[in-house]
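Throughout, read-outs are computed from the coordinates displayed, never taken from laboratory work. Just so it is clear, the structure is predicted and the values come from calculations on it, not from any experiment. Backbone-built Cβ (ideal geometry, glycine too); neighbour counts: all protein chains shown.
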Amino acid sequence: MSIRPWRDIARRETRQIMVGNVPVGGDAPITVQTMTNTPTSDAKATIDQIRRCEEAGVDIIRVSCPDVESTTAFKQITRAAKVPVVADIHFHYKRALEAADGGAACLRINPGNIGSESRVKEVIAAAKANGCAIRIGVNAGSLEKHLLEKYGEPCPEALVESALDHIKILQDHDFHEFKVAVKASDVFLAVAAYMQLGEAVDCPFHVGITEAGGLIGGTVKSAIGIGNLLWAGIGDTIRVSLSAEPEDEVRVGYEILKSLGVRTRGVRVVSCPSCARQGFDVIRTVQTLEERLQHIHTPLSLSVLGCVVNGPGEARETDIGITGGGAGKHMVYLSGVTDHHVQDADMIDHIVELVEAKAAEIEAAEEDRVEAAE
């Protein structure tokens with residue numbers, strides 16, 4: 001038990017699989033995924049978008065392969081990507097074969113949708129031959145007809161039965177390098193399905209709330225659904241599905257993980273909502289700082305408080321803090337201790353410099369620790 005047991009999360013025990021060089025499940029870090037939205041046949045546009053997602057911190061990226069033009073470009077895309085690429089396949093088994101040969105680290109399929117058993121065998125053989133994992137992707141919006149007739153509507157039992165049917169197909173062909181998703185746009189349905197499936201299988205889970213909505217609404221739904229599951233210890237890789245740019249999905253995904261303390265990357269900002277007591281424009285300051293600090297990957301914390309009511313208390317818990325004062329003069333805290341003042345006009349540049357210096361200090365200390373251990 002930790003010194004703060006109320007923060008502990010008991011993670012669900014699962015098998016571990018490899019998606020390219022990224023471990024998923026077991027005791028591996030929970031990974032963040034997104035999906036490109038450029039035409040996959042346009043290799044340059046897709047690679048450019050992948051590069052932006054890599055800069056945002058994506059661990060695994062998915063690319064749709066609906067036609068032969070896409071799988072033709074897919075080989076060039078996988079060679080250029082610095083992270084494992086998942087090929088999104090729905091119905092045509094030949095696209096799965098082509099993607100496996102084209103460097104896919106994982107195939108997103110539903111084995112039952114691929115066609116005859118002989119076709120399923122071909123896909124599994126291609127996955128084995130190329131070292132591909134498989135992600136079974138069950139979705140409430142595309143459940144099999146017989147399950148809808150059986151249950152009357154999408155429900156947790158229907159999603160779980162669909163997943164178990166697809167899992168059995170892979171296991172019957174001695175394929176075990178798979179992860180599973182049982183997604184729905186309804187938060188209650190998705191959470192219930194994942195929890196129910198978690199009691200039946202030991203494979204890793206790809207967790208998300210599908211078709212969650214726009215940047216604000218979708219972020220809220222995803223935070224509730226994904227956060228609920230992660231808090232319960234369920235989830236090995238996540239994708240935040242937003243009607244927004246893929247790199248925004250990545251950033252939101254990390255914010256969800258950071259809020260639960262299960263994974264950290266970059267600057268964690270603690271800031272007040274602002275009020276009439278504020279000594280500077282908190283809202284605009286935080287917006288600017290978040291934009292200017294996106295290049296920081298080292299985990300550290302920054303508090304930005306408009307006045308002295310909660311400012312000193314929050315600053316004690318963060319690496320760097322700023323609290324608004326009077327006459328355009330604000331207090332800066334380092335490692336929780338009051339250190340110096342800064343003028344309003346210089347504040348943002350000064351904080352950015354402090355964060356960059358702190359990140360470099362943390363990185364240097366980590367390098368020294370690694371060298372000493374060796």
Within straight-line cross-link reach of Lys94, aspartates and glutamates at Cα separation under 12 Å, skipping those fewer than 8 residues along the same chain: Asp67, Glu122
Using a Förster distance of 41 angstrom, determine the FRET efficiency expected from the C-beta separation of Glu371 and Ala232, and round it to 0.05. 0.60
Coordinate range along principal axes, alpha carbons of the range 157-227, Å, largest first: 43, 21, 16
If we sort 141-149, 364-372, 191-199 on the protection proxy, mean other Cβ atoms within 10 Å, highest first, what's the order? 191-199, 141-149, 364-372
Normalised alpha carbon radius of gyration of the range 69-192 [divisor 2.2 N^0.38 Å]: 1.09
Label-zone membership for the range 37-59, site Ala80, 7 angstrom Cα→C-beta point, backbone N under 14 Å: 37-54
Calculate for the chain the 222 nm mean residue ellipticity that helices alone would give, adding -39,500 (n - 2.57) per DSSP H run of length 4 or more and normalising by residue count, nearest 500 deg cm²/dmol. -14000 deg cm²/dmol
Give me the dipole magnitude in Debye, nearest 20, for the range 104-197 about the Cα centre, with unit charges on the beta carbon: positive for Lys and Arg, negative for Asp and Glu. 320
As an exercise, take the mean of 1/r over every pair of distinct alpha carbons in the range 71-137, invert it, and state the Kirkwood radius in angstroms. 11.5
Cβ-based charge dipole, the range 268-374, positive-most Cα from Ser301, Gly328, Ala345: Gly328
Rounded Å value of the spacing that divides the Cα centres of the range 154-188 and the range 105-136: 14
Alpha-carbon centroid distance for the pair the range 277-321 / the range 206-259, whole angstrom: 24
Net charge dipole size for the range 6-141 [Lys, Arg +1 and Asp, Glu -1 on Cβ; Debye, nearest 20]: 160
Among Val68, Ala80, Val58, whose Cα projects farthest towards the positive end of the dipole of the range 12-95, with charges put on the beta-carbon of Lys, Arg (+1) and Asp, Glu (-1)? Val68
What percentage of all Cα-Cα pairs in the range 24-82 are separated by more than 17 Å? 38
Residues Asp42 and His340, FRET efficiency given R0 of 45 Å [Cβ-Cβ distance, rounded to 0.05]: 0.30
Could you tell me how many cubic angstrom of Cα convex hull volume the range 289-365 has per residue? 83
Cα gyration tensor shape for the range 244-374, rounded if a/c is under 1.5, else prolate or oblate: oblate
With point charges of +1 on the Cβ of Lys and Arg and -1 on the Cβ of Asp and Glu, referenced to the Cα centre of the range 172-305, which listed residue (Leu257, Ala184, Leu197) lies farthest in the positive direction of the dipole? Leu257
Pull up the DSSP beta bridges for the chain and report the antiparallel fraction as a percent, rounded to 5. 30
Which lysines does Lys82 reach when only Cα atoms under 21 Å apart count, and residues fewer than 8 places away in its own chain are ignored? Lys44
Can you compute the label reach from Ala28? Point 7 Å from Cα along the Cβ direction, backbone N cut-off under 13 Å, restricted to the range 234-258. 236-238
Starting from the Cα-Cα distance between Ser142 and Glu13, subtract it from 0.36 nm times their residue separation and give me the gain in nm to one decimal. 43.6 nm
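Given Lys183/Lys258; Lys128/Lys168; Lys128/Lys179, which pairs have Cα atoms separated by over 20 Å?
Too far apart for the 20 Å limit: Lys183/Lys258.
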Expressed as an acute angle from 0 to 90° and rounded to the nearest 10, what is the orientation of the C-alpha long axis of helix 43-56 relative to the principal long axis of the chain? 50
Kindly identify the chain as rounded, prolate or oblate by the Cα gyration tensor criterion: order the square roots of the eigenvalues as a ≥ b ≥ c, call it rounded if a/c is under 1.5, otherwise compare a/b with b/c, prolate if a/b is larger, else oblate. prolate
Work out the length of the dipole vector of the range 110-156 about its Cα centre, built from +1 on the beta-carbon of each Lys and Arg and -1 on the beta-carbon of each Asp and Glu, and round it to the nearest 20 debye. 200
